[in-house]
Amino acid sequence: MRTYKCNKLVKAEPMDKHEAIRLGYLRFNDDEAKSNELNGENEEGYHIFHEDGYNAVGYHSWSPEKIFEHGYSHIGIMDGTPDWEVRLWVEHTELCERLEKL
């Protein structure tokens, strides 16, 4: 198996698992599986909006809190910032982190 690193930009907000199920961000093969999840323990996590380059609409998903926070870092940029400016800021931050390690 090959190793991959995720480096895409997403928008996210805190959302518990049950709310994500009710809004359709977590999908199940059948109603019984969905019902079992809603009746089970709730879990904190994040609603994630992926701006997909292949799909102008993008898509929504949900991730458990620990997994999300391990894989993503908040970059502190406000909504409405042009994409090129966001990418420039991210690249600058990554370069500064690499310089510190030298």
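The values are calculated or read from the model by the stated rules, or taken from the named source; none is laboratory data. Because the structure is predicted, anything quoted here is derived from the model rather than measured. As a convention, Cβ positions derive from the backbone with ideal geometry for all residues, glycine included, and neighbour counts pool all protein chains shown. All accessible areas refer to the heavy atoms of the entire protein, side chains included, with ligands and DNA or RNA removed. Shrake-Rupley method; radii C 1.70, N 1.55, O 1.52, S 1.80 Å.
A few notes on this one:
- Nonlocal amide H pairs with Tyr46, under 5 Å, H built at 1.01 Å: Met15, Ser63, Glu65
- When the alpha-carbon atoms of the chain are used, the pair Rg, Dmax equals 16.8, 54 angstrom.
- Computed with a 1.4 Å probe over protein heavy atoms only, the accessible surface of the chain comes to 86 Å² per residue.
- Taking the 1.4 Å solvent-accessible surface of the chain as the whole, the part contributed by carbon and sulfur is 51%.
- Projected label distance in nm at Lys8 and Arg98, using a 7 Å step from Cα toward the beta-carbon: 2.3 nm
- Principal-axis tilt of helix 83-101 within the chain, Cα atoms, nearest 10 degrees: 70 degrees
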